[in-house]
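The values are calculated or read from the model by the stated rules, or taken from the named source; none is laboratory data. Note that the structure is predicted; figures quoted are calculated from it, not measured. Please note: Cβ atoms are built from the backbone with ideal geometry, for glycine as well, and neighbour counts cover all protein chains shown. For the accessible areas, the whole protein counts, side chains as well, though only heavy atoms, and no ligand, DNA or RNA atoms are used. Shrake-Rupley method; radii C 1.70, N 1.55, O 1.52, S 1.80 Å.
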Amino acid sequence: MCKPYSNWLCILSASLYYFFFTCLVMSTKKNITTDEFALLSFKSSITLDPYHMLSNWSISSNSSFLSSCNWVGVTCDEHHGRVKTLNLSNMGLQGTISPQLGNLSFLVVLDLQGNSFHGDIPHAIGQLRRLRILDIRDNGFTGEIPKGIIDLTQLRTVNLEYNILTGNILFMFKNSSSLQNLNLGFNNLSGNLPSNLCQGIPNLKLLYLFANDLSGKMPKVWHYCKELEDLELSYNNFGKGPLPADIGNLTKLQYLFLAKNNLEGKILFTI
């Protein structure tokens, strides 16, 4: 209880507490509104939801300002109350990805695998600076891979397999020390393997490029891939020529697939 001579201190303390609490609530409200708007824009681009999985993605006058954290497939960060995971895998959804998804600035995991999304992968995904896992395999995405993806410095896993993506992939191997798993298999990607393949992504553990239209001679770059465990390059058009001897220096390699190319020769593995 406040003493008479300190009433003004109590009033000041209470006022400051109310002020900062109000600012915090208003700030959180603003951020959640941003996330909700991004999610609702994403929902509006979905043309088919056969199992009504997103039926609770709505805002009513009785909704709390954290209502989006209770939506199907959405997980929020406990500290900030912002959307950190969007997992809508294998829900039979059909449509495109709204560019507004790039406004989910706290997103860490984006998993849309096993649906029927189509169209281009929006460049706005390059705005998700906290993203660690991007898994949109087994859809119908077309066009080129957005170059901004490689600028996401927290990215650990990129899985784009089983789509209809085209274009060159040289940019995917530049300055990404965090990337560990890169799966671009079963697309229509073309061009050569880069000569700096593992210099740009030195911590790469898994590289799947199978069933594309990659061509040219296989470069002698594998001695830089010291962490590589899985390598899948089958069903491409690599030019006739010898296998790079330095593949045998991959001491952590557990799986190697090179079938259906024009390669020849032997691999001598270092034991």
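Remarks
- Checking K147 against (1) within 11 Å of the chain's Cα centre (by Cα); (2) surrounded by fewer than 16 Cβ atoms within 10 Å (Cβ to Cβ); (3) closer than 21 Å to S190 by Cα, the condition it does not meet: (1)
- Close contacts from the stretch 86-114, counting a first residue that is over 17 Å from N163 (Cβ atoms) and a second that is polar (S, T, N, Q), with Cβ to Cβ under 6 Å and a gap of 6+ residues or different chains, come to S98/S41; S98/S45; Q100/S41; G102/Q127; N103/T34; V109/T85.
- Considering residues of the stretch 213-228 that are modelled with pLDDT of 90 or more and hydrophobic (A, V, I, L, M, F, W, C) only, the residue surrounded by the fewest Cβ atoms within 10 Å (Cβ to Cβ): L214
- Of the criteria (1) within 15 Å of N183 (Cβ to Cβ); (2) open to solvent by less than 40 Å² (accessible area, probe 1.4 Å); (3) in a loop (DSSP other than H, G, I, E, B), which one Y162 fails: (2)
- Within the stretch 175-212, the set of residues being open to solvent by 20 Å² or more (accessible area, probe 1.4 Å), part of a strand (DSSP E or B), among the polar types (S, T, N, Q) and under 18 Å from D230 (Cβ atoms) comprises N181 only.
- D35 meets all of the listed conditions (1) modelled with pLDDT of 95 or more; (2) open to solvent by less than 60 Å² (accessible area, probe 1.4 Å); (3) of a type in the set (D, E); (4) within 21 Å of I149 (Cα to Cα) but one, namely (1).
- Here L182, L193 are screened, and the one residue that is out of contact with any helix residue (DSSP H, G or I) (no Cβ under 6 Å at 6 or more places or on another chain) and farther than 16 Å from M218 by Cα is L182.
- Cβ-Cβ under 6 Å pairs, at least 6 apart or on other chains, the stretch 254-271 side closer than 18 Å to E227 by Cα, far side modelled with pLDDT under 90 and not in a loop (DSSP other than H, G, I, E, B): F269/G248; T270/G248; T270/N249
- Identity of the residue in the stretch 234-271, part of a loop (DSSP other than H, G, I, E, B) and β-branched (V, I, T), that ends up surrounded by the most Cβ atoms within 10 Å (Cβ to Cβ): I267
- Set L101, L88, L48: member being within 20 Å of R137 (Cβ to Cβ), surrounded by fewer than 17 Cβ atoms within 10 Å (Cβ to Cβ) and modelled with pLDDT of 95 or more: L48
- Failed item in (1) crowded, with 19+ Cβ neighbours inside 10 Å; (2) in a loop (DSSP other than H, G, I, E, B), with L231 passing the rest: (2)
- Evaluation of F171 against (1) assigned to a helix (DSSP H, G or I); (2) more than 11 Å from the chain's Cα centre (by Cα); (3) crowded, with 20+ Cβ neighbours inside 10 Å (one fails), failing number: (3)
- Any chance F42 is under 25 Å from G102 (Cβ atoms), in contact with a Ser or Thr (Cβ under 9 Å, 6 or more places away or on another chain) and modelled with pLDDT under 50: no
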